[in-house]
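Engineer: The structure that follows is given in the form of structure tokens.
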Amino acid sequence: MTKSDVLLYEKEAWASGFLRLAGIDEAGRGPLAGPVVAAAVIFDPEYIQAELSSTFGALTDSKAMKEKVREEYFQILESSESVRIGVGLIEAPEIDQLNILKATHKAMGIAADQVEADFALVDGLPVKGLPCEHKAIVKGDALSISISAASIIAKVTRDRIMVELDALYPEYGFAGHKGYGTAQHLDALRKHGATPAHRQSFRPVAELNQLDLL
């Protein structure tokens, strides 16, 4: 894939008359603790086409990038007047209430609303209740520059939240594993129990809670 290919979906939407085209992605569906975060990013068409090979030459799926590079792109995106950013965040108690899929979709809807998107490119599968038309793209975070940018915003935002939670609950190691069910995290859960930041409905946490009731 050439670098210009990551604008193919954007160009199709622009040609159809959608001027506020957002890329949407999420971070944090799988962890046992912390929020799920969704981001929506709208590029000015002239800006992204002019800067694609230079400023954004290394931008891709956030999971494939080193933390330092993600942080650099986060700063570029956040500081540019040619980029609009929306962020939706659903905390653990609401995730337990809704379930993780509905919570993720709600976060995506919040992010899309913030940027007033009239069309969206979404990583993964179709999203129920999104407040605009959208196209779902499997592995879209590597195929669309707008989704790649959203993946950066979502992941860096969430990672920073997990570092803040690490300061509140240092015994769990949130800054390292970001809430995922690592051996270290599971061991800390067994020793200390769940925090208010934990998703009580997720199996390892729920099973430990059940044992506490016996």
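Please treat every number below as a calculation from the coordinates, not as lab data. This is a predicted model, so every value here is computed, not measured. A quick note on method: Cβ atoms are made from the backbone with ideal geometry, for glycine too, and the neighbour counts reach across all protein chains shown.
Engineer: Of the numbered conditions (1) surrounded by 15 or more Cβ atoms within 10 Å (Cβ to Cβ); (2) part of a helix (DSSP H, G or I); (3) out of contact with any Phe, Trp or Tyr (no Cβ under 8 Å at 6 or more places or on another chain); (4) polar (S, T, N, Q), Gln200 fails exactly one; give the number of that condition.
Structural biologist: Just one mismatch for Gln200, condition (2).
Engineer: Would you point out which residue out of Leu186, Leu125, Leu98, Leu89 is without any contact (Cβ under 8 Å) to a residue 24 or more places away in the chain and either within 13 Å of the chain's Cα centre (by Cα) or closer than 13 Å to Ala33 by Cβ (or both)? It would help to see each step written out before you state the result.
Structural biologist: Numbers: Leu125 fails: either within 13 Å of the chain's Cα centre (by Cα) or closer than 13 Å to Ala33 by Cβ (or both); Leu98 fails: either within 13 Å of the chain's Cα centre (by Cα) or closer than 13 Å to Ala33 by Cβ (or both); Leu89 fails: without any contact (Cβ under 8 Å) to a residue 24 or more places away in the chain.
So the residue among Leu186, Leu125, Leu98, Leu89 that is without any contact (Cβ under 8 Å) to a residue 24 or more places away in the chain and either within 13 Å of the chain's Cα centre (by Cα) or closer than 13 Å to Ala33 by Cβ (or both) is Leu186.
Engineer: What is the number of the single condition among (1) surrounded by fewer than 19 Cβ atoms within 10 Å (Cβ to Cβ); (2) in contact with a helix residue (DSSP H, G or I) (Cβ under 9 Å, 6 or more places away or on another chain); (3) not hydroxyl-bearing (Ser, Thr, Tyr) that Val122 does not meet?
Structural biologist: Going through (1) surrounded by fewer than 19 Cβ atoms within 10 Å (Cβ to Cβ); (2) in contact with a helix residue (DSSP H, G or I) (Cβ under 9 Å, 6 or more places away or on another chain); (3) not hydroxyl-bearing (Ser, Thr, Tyr) one by one, Val122 breaks only (1).
Engineer: List the residue pairs whose Cβ atoms are under 9 Å apart, where the first residue sits in the stretch 44-73 and is touching a residue at least 12 places away in the same chain (Cβ under 8 Å) and at negative phi, the second is loosely packed, with under 15 Cβ neighbours inside 10 Å and of a type in the set (Lys, Arg), and the two are 6 or more positions apart or on different chains.
Structural biologist: Pro45/Lys11; Gln49/Lys11; Leu52/Lys3; Ser53/Lys3; Phe56/Lys3; Gly57/Lys3; Asp61/Lys139
Engineer: Mind checking which residues of the stretch 66-102 are charged (D, E, K, R) and not in a helix (DSSP H, G or I)? Break it down into steps so the answer makes sense when it comes.
Structural biologist: Narrowing the stretch 66-102 to residues charged (D, E, K, R): 66-68, 70-72, 78, 81, 84, 91, 94, 96, 102.
Across the stretch 66-102, the qualifying residues are Lys66, Glu81, Arg84, Glu91.
Engineer: Out of Lys191, Lys178, Lys155, Lys135, report the one residue that is basic (Lys, Arg), surrounded by fewer than 20 Cβ atoms within 10 Å (Cβ to Cβ) and in contact (Cβ under 8 Å) with a residue 24 or more places away in the chain.
Structural biologist: Working: Lys191 fails: in contact (Cβ under 8 Å) with a residue 24 or more places away in the chain; Lys178 fails: surrounded by fewer than 20 Cβ atoms within 10 Å (Cβ to Cβ); Lys155 fails: surrounded by fewer than 20 Cβ atoms within 10 Å (Cβ to Cβ).
From the options Lys191, Lys178, Lys155, Lys135, the qualifying one is Lys135.
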